[in-house]
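> Structure provided below as structure tokens; questions to follow.
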Amino acid sequence: MSANRLAVSRALGISAEWACAHQVHGSRAVRANAGTASSLTRHDADAIVTSDSSLPLAVLVADCLPIALVGQDSSSVVHAGWRGLCSGVIESALAAVGEAAPRAWIGPSVGPCHYQVGREVIDRFRAAYPESPKFWKTTDDGNFFDLPAAGRWVLRTAGAVVEDHQPVCTVCDERFFSYRRDGTTGRQAVLVWR
């Protein structure tokens, strides 16, 4: 990881000291600055927020939803699988950013074409967001959940301005790592810096 991180940092002209936390599919957001970035890996969190414009923030994903949030004075990076989404990780990140209408971007993640889930995922999402539209369909093959669409809806409902784009499914597109497609696999980093 360190060689890859250094190569990416050099190519982008950013610091090789990235703020990364120990991701646990939860809802905790932590604050980071250049002095605390290296110690964050000992903290369980799925969102990192900073006001330090020189500090890159990163989450690692291989199907989960990676989200970048950028406000006037703060930025955040979010790792949101279904558990984190249902637990409120997006709202935690937005509260930590503490600004009205930050801009949000969603990176490549598993699409509804491949995100087959158990009924508990749908039940947990409905319990967390009883007024949401239906982001799942049930077929003879099982339940399929649209994680990117659900994430966009939560972001917009919570006050973020979501930049629309054509979603890329990590299972369909072999340029990306996918746990569902490959099992044991690498992770792509989603970076935010200002």
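> When the range 110-125 is examined, which residues are found to be open to solvent by less than 10 Å² (accessible area, probe 1.4 Å) and either under 23 Å from Q188 (Cα atoms) or in contact with a His (Cβ under 9 Å, 6 or more places away or on another chain) (or both)?
V110, G111
> Of all residues in the range 169-190, which are modelled with pLDDT under 95 and touching a Pro at 6+ places or on another chain (Cβ under 8 Å)?
Q188, V190
> Looking at the range 8-40, which of the residues that are open to solvent by 60 Å² or more (accessible area, probe 1.4 Å) and free of Cβ contacts under 8 Å to residues at least 24 places away in the same chain is nearest to L60 (Cα to Cα)?
It comes out as H22.
> Search the range 172-187 for residues that are more than 20 Å from R5 (Cα to Cα) and pair each with any residue that is open to solvent by less than 100 Å² (accessible area, probe 1.4 Å) and hydroxyl-bearing (S, T, Y) when their beta-carbon atoms are under 9 Å apart and the residues are at least 6 apart or on different chains.
C172/S178; Y179/T170; Y179/T185; R180/Y115; R180/T170; R181/T170
> Let me ask something else about it. Only residues that are more than 16 Å from V59 (Cα to Cα) and open to solvent by less than 30 Å² (accessible area, probe 1.4 Å): list them for the range 97-109, please.
The answer is V97, P102.
> Tell me, which strands (runs of 3 or more DSSP E) wholly within the range 126-194 include 1 or more residues that are surrounded by 14 or more Cβ atoms within 10 Å (Cβ to Cβ) and in contact with a Cys (Cβ under 9 Å, 6 or more places away or on another chain)?
In the range 126-194, the matching strands (runs of 3 or more DSSP E) lie at 142-145, 188-192.
> Would you list the helices (runs of 4 or more DSSP H) that sit entirely within the range 1-104 and hold 1 or more residues that are within 16 Å of the chain's Cα centre (by Cα)?
Correct list: 82-87, 89-97.
> Let me ask you something else. Take the conditions open to solvent by less than 10 Å² (accessible area, probe 1.4 Å), over 27 Å from W153 (Cα atoms) and free of Cβ contacts under 8 Å to residues at least 40 places away in the same chain and apply them to A3. Does it pass?
no
The values are calculated or read from the model by the stated rules, or taken from the named source; none is laboratory data. The model shown is predicted, which means the values in this text are computed figures rather than measured ones. With ideal geometry, Cβ positions are generated from the backbone for all residues, glycine too; neighbour counts draw on all protein chains shown. Ligands, DNA and RNA are stripped out before the accessible areas are found, and what is left, the full protein with its side chains, is counted by its heavy atoms. Shrake-Rupley method; radii C 1.70, N 1.55, O 1.52, S 1.80 Å.
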